[in-house]
1. Excluding I25 itself, what net charge comes from residues whose Cβ is under 12 Å from its Cβ, given Lys and Arg +1 and Asp and Glu -1?
2. Quick one: pull the percent of accessible area on the range 35-105 belonging to carbon and sulfur, 1.4 Å probe, ligands and nucleic acids left out.
3. For the range 49-92, which trypsin sites (Lys or Arg not before Pro) pass both filters: DSSP loop (anything but H, G, I, E, B) and at most 12 other C-beta atoms within 10 Å?
4. Along its three principal axes, how long is the range 44-109 when you only count alpha carbons? Whole Å, largest extent first please.
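The values are calculated or read from the model by the stated rules, or taken from the named source; none is laboratory data. None of these values were measured; they are calculated from a predicted model. Neighbour counts run over all protein chains shown; Cβ positions are idealised from the backbone, glycine included. With ligands, DNA and RNA removed, areas are computed over all heavy atoms of the protein, side chains included. Shrake-Rupley method; radii C 1.70, N 1.55, O 1.52, S 1.80 Å.
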Amino acid sequence: MSTPLPPVGTDAGTIDDFEHDGYAIIRDAITLDLRDRLLTAAEKLLASDITQGRDRGGDGKDGFRGCLNLAPAFLPLLANPNVLPTVVHLLSPNIHLLSAHLIALPSGPPRTIRIPERHGWHRDMYGVTADLGVPNTPRMAIKAAHYLTPVTPDCGLTMFLPGSHRLTEEPVVPAGAIDCPAPSHPTSPAPTQSSSRTGPGTPEVSTSPGALASP
């Protein structure tokens, strides 16, 4: 028999940030002990020869889709009492897990494989947006991204376009450019929740293994 987690209320400032920008930062989401256990589990998976769910990219990215199935150490993130209430508030109690993705980028000097023809900016929920159109696509999913390693300006974080969840058409990347005007990214090692309608872009530079949780 499991012991219910103590209820944690939502923070009005976090909700306001999410509604305004399309994403919000939740600080102190996990303990240092849990962060260390998650990092150990991530490094063990990345050093393995497991091919199930393996997700590698031309920019040196490595990781696993479905990491909850591969390492039970990640299970505390599924119903984190410091994060889940915010997700429930923004969606509803009628929710389920779509995916769990471990992403790691190698350390090294700043570099990018993006070009204007393949800049990487996109919205998730592609099929729904194609069927309903951007103005009619409701809030259907929220990503909770947890960082295991320090967040620094050159660590290759996913970028966000603040307010793009309120656009009535796809975000525009200027001709010859690889970024939307005025993109943003998290500035501290804290879990970030992003709306399914916010337009994130792919990382521009690289970093050490990360992407599952940090205090």
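1. Numbers: positive: R27; negative: D11, D17, D21, D28.
Residues close to I25 contribute a combined charge of -3.
2. Numbers: 2160 of 3990 Å².
Carbon and sulfur: 54 percent of the exposed surface of the range 35-105.
3. Working: sites: R54, R56, K61, R65; in loops: R56, K61.
Those satisfying the criteria are R56.
4. Between the extreme Cα coordinates on each principal axis of the range 44-109 lie 38, 27, 17 Å.
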